[in-house]
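Here the structure is laid out as structure tokens; the discussion comes afterwards.
The values are calculated or read from the model by the stated rules, or taken from the named source; none is laboratory data. None of these values were measured; they are calculated from a predicted model. FYI the Cβ positions are ideal-geometry reconstructions off the backbone, even for glycines, and counts take in every protein chain you see.
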Amino acid sequence: MDLLSRVEQVLQIAQQDGVVRPRDLAERGIPRVYLQTLYNRGLLQRSGRGLYFLTGNELTIHHSLAEACKRVPHGVVCLLSVLVYHELTTQNPHQVWMALPQKAHFPGRVFPRFELSVSLVRHSMKVSRNMISKAFTCM
């Protein structure tokens, strides 16, 4: 596969997913170095360690939720964060609230720009996938 088609693939993934991680490319057999290359060319912006999105894409108020879901894919957005997402409150939390299964790996210092508050859940969680902004999904 030539350079141009791989670059187009990465840009297409960024357009579809909104936030791209290096592991998203590795799963598709695309070398991770393309993210840094496109970042250096100004086609991608970095919103956090290992998180990239298309330059020129307008960030929504739910971008921090999308970042949290990419960083903690086994977490579930909960509490005040869900109320804000569904526009059921006027508060604007400075944290993203997520629930994790009891034996899940606790993410360490995940976000440089905002905190991640995690509550442990004792019961097994079966949560439907929900769209956040573009194609940002949480499980």
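Descriptive notes on the structure:
- Test: Tyr85 is within 24 Å of Pro101 (Cβ to Cβ) and among the aromatic types (Phe, Trp, Tyr): yes
- Residue check, Arg6 outside any strand (DSSP E or B), under 18 Å from the mean Cα position of the chain (by Cα), more than 30 Å from Thr89 (Cα to Cα) and among the basic types (Lys, Arg): no
- For the residues Glu67, Glu87, the requirement of being surrounded by 20 or more Cβ atoms within 10 Å (Cβ to Cβ) and either over 24 Å from Thr37 (Cα atoms) or touching a residue at least 24 places away in the same chain (Cβ under 8 Å) (or both) singles out Glu67.
- Restricting Arg28, Arg23 to residues that are charged (D, E, K, R), surrounded by fewer than 18 Cβ atoms within 10 Å (Cβ to Cβ) and assigned to a loop (DSSP other than H, G, I, E, B) narrows the list to Arg28.
- Test result for Leu54, hydrophobic (A, V, I, L, M, F, W, C), out of contact with any Cys (no Cβ under 6 Å at 6 or more places or on another chain) and closer than 24 Å to His105 by Cβ: no
- When Lys134 is tested against the conditions (1) modelled with pLDDT of 60 or more; (2) in a loop (DSSP other than H, G, I, E, B), the lone failure is (1).
- Taken over the range 3-20, residues that are surrounded by 13 or more Cβ atoms within 10 Å (Cβ to Cβ), over 16 Å from Pro73 (Cα atoms) and in contact (Cβ under 8 Å) with a residue 24 or more places away in the chain amount to 6.
- Residue satisfying all of: in the range 51-81; under 18 Å from Leu11 (Cβ atoms) and in a loop (DSSP other than H, G, I, E, B); modelled with the highest pLDDT among these: Thr55
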